[in-house]
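To start, the structure under review is shown below, and the notes come after it.
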Amino acid sequence: PGAAAPAPAAPTPSVPIPSAPNTTGSAIAPVPAATGPAITPAPATTGQAITPAPTSGVPMPTPTPAPPVLPPMDGPLALDLPPLDTSNIDYINFRNDLVRMINKAFKSSGMKTTYGIFIMDLRTGMYFGINENLTRIDPEDKHKEGYFNSASVVKLFQGYIVCDMLRKGELDINKVYKDAVTGRSFKLLNMIKAMISYSDNNYSNATLRLIGNKKSNEVLNRLGICNTRIYGEMSGAIGYSRSNNVKRYGTPKRCARITPRDAGLILYNVYRNKDSDMYMKALNQGLLGNIYNTRIPVGVKRVRPKYYIAHKTGTNSEMGVYNDAGIVYAKNPFILVTFTQSTSSSAGHAFIRSLAEQLTLYFDSRAK
């Protein structure tokens, strides 16, 4: 139930894939370390003014701190990630550390194909990605879409959509909905937790029948998720067929095409709001309850067996899709999103596990 059923391999895009550091399987070069005189780190992007040193014994007025720089918001949800100062020496060191770990995981796994990564330090707000915004043009419908096939990671996006529609009153939190295809009845918050924890394809498809793909994409766009496109129902579920997808959604395509950064933004909002927003709390609970734990959790628990991981996996073995996207509740919590395409199970799993293990050690060392 946790994997999308096999599907024909995706056609080669009719336009070139944008150049990205790892699309040829080569290692990524770290930014050169600073040499010569010591570099004074740039001020952190917290919006705090810098107090100038007094001059000539004349008392200096205390500056008024500037307000914090925050991304645009929709209620409790950030519509973008926090701004980064990529010239800051701390960020350069952070980026170089992550590049070394990614290269090590890539080399040791034997993987040769395109992957997508998004990593975020939830203590400092720094983040880095590779192919995190990679898109393609579908050769059939000419739509721009995320490069990576979602498989069951689409359920993370669907849960996020349902939560926002509940918050805005577009869906009813108290109503018992009934899906005519499966005959199932459910309240939405309980349903999305089960859909995510058990990767239930029937609940995923019932959600899509309730909302539709057009409305689903409209909600994602208003939440700042603009490179992901949801298409049709998942196979391996009651009532699924290509012809039904065409009839209901105007496309034979299944699931979604997504990007690591879009998934990272969802997880960032889950983490920020899990203790204050009932909808993000429900989403976090669903992710913590995931019963499919062969990727990120394996790597984390090699280092810290008691750490909790709130994550969603996705698998399509015929297409070489082995995805995992989650929050690791470490001493220094972090987000890790890893998407693969056209690789083997052994390589995909080895890559994700190695990276999760290295990052757990790394972020533990940064904990204060």
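The values are calculated or read from the model by the stated rules, or taken from the named source; none is laboratory data. Quick caveat, the model's predicted, so the values are computed rather than measured. Methodologically, a virtual Cβ is constructed for each residue, glycine included, from the backbone with ideal geometry; neighbour enumeration extends over all protein chains shown.
Screening segment 249-295 for residues that are among the polar types (S, T, N, Q) and assigned to a helix (DSSP H, G or I) and picking the one that is surrounded by the fewest Cβ atoms within 10 Å (Cβ to Cβ) gives 285.
When residue 257 is tested against (1) touching a residue at least 24 places away in the same chain (Cβ under 8 Å); (2) within 17 Å of residue 326 (Cα to Cα), just one condition goes unmet, and that condition is (2).
If a residue counts only when it is touching a residue at least 60 places away in the same chain (Cβ under 8 Å), within 27 Å of residue 330 (Cα to Cα) and among the small types (Gly, Ala, Ser), which strands (runs of 3 or more DSSP E) contained entirely in segment 105-159 have at least 1 such residues?
Working: elements: 115-121, 127-130, 135-137, 144-146.
Once the strands (runs of 3 or more DSSP E) in segment 105-159 are filtered for at least 1 residues that are touching a residue at least 60 places away in the same chain (Cβ under 8 Å), within 27 Å of residue 330 (Cα to Cα) and among the small types (Gly, Ala, Ser), what remains is 115-121, 127-130.
If we keep just the residues of segment 231-270 that are basic (Lys, Arg) and within 21 Å of the chain's Cα centre (by Cα), which is nearest to residue 149 (Cα to Cα)? Give the derivation first.
Keep residues of segment 231-270 that are basic (Lys, Arg), which gives 242, 247-248, 253-254, 257, 261.
So of that shortlist, the ones also within 21 Å of the chain's Cα centre (by Cα) come out as 254, 257, 261.
On the way: 254: 9, 257: 5, 261: 14 Å.
Among residues in segment 231-270 that are basic (Lys, Arg) and within 21 Å of the chain's Cα centre (by Cα), the one nearest to residue 149 (Cα to Cα) is 257.
One line per residue, one yes/no per condition, for (1) in contact with a strand residue (DSSP E or B) (Cβ under 6 Å, 6 or more places away or on another chain); (2) within 20 Å of residue 227 (Cα to Cα):
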{"site": "244", "(1), (2)": "no, no"}
{"site": "256", "(1), (2)": "yes, yes"}
{"site": "278", "(1), (2)": "no, no"}
{"site": "290", "(1), (2)": "yes, no"}
{"site": "294", "(1), (2)": "no, no"}
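Here residue 123 meets the list (1) surrounded by fewer than 16 Cβ atoms within 10 Å (Cβ to Cβ); (2) touching an Asp or Glu at 6+ places or on another chain (Cβ under 8 Å) almost entirely, failing just condition (2). Only a single item in (1) in contact with a strand residue (DSSP E or B) (Cβ under 9 Å, 6 or more places away or on another chain); (2) closer than 18 Å to residue 254 by Cβ; (3) buried (at least 16 other Cβ atoms within 10 Å of the Cβ) is not met by residue 195, and it is number (1). For segment 298-308, a residue qualifies if it is surrounded by fewer than 23 Cβ atoms within 10 Å (Cβ to Cβ) and either in contact (Cβ under 8 Å) with a residue 40 or more places away in the chain or of a type in the set (Lys, Arg) (or both), and the qualifying residues are 298, 301, 302, 303, 304, 306, 307.
Each residue in segment 210-247 was checked for being more than 20 Å from residue 139 (Cβ to Cβ), charged (D, E, K, R) and surrounded by fewer than 17 Cβ atoms within 10 Å (Cβ to Cβ), and 5 pass. Checked against the criteria, residue 279 does not count as of a type in the set (Phe, Trp, Tyr), closer than 20 Å to residue 159 by Cα and out of contact with any Cys (no Cβ under 6 Å at 6 or more places or on another chain). Could you tell me whether residue 352 is assigned to a helix (DSSP H, G or I) and at pLDDT 95 or above? So residue 352 fits the description; yes.
Here 217, 245 are screened, and the one residue that is touching a Gly at 6+ places or on another chain (Cβ under 6 Å), without any contact (Cβ under 8 Å) to a residue 24 or more places away in the chain and assigned to a helix (DSSP H, G or I) is 245.
Taking the criterion of being under 17 Å from the mean Cα position of the chain (by Cα) and among the aromatic types (Phe, Trp, Tyr), the only residue of segment 271-291 that qualifies is 271. Could you tell me whether segment 71-89 includes any residue that is part of a helix (DSSP H, G or I) and modelled with pLDDT of 95 or more? Looking through segment 71-89, at least one residue is part of a helix (DSSP H, G or I) and modelled with pLDDT of 95 or more.
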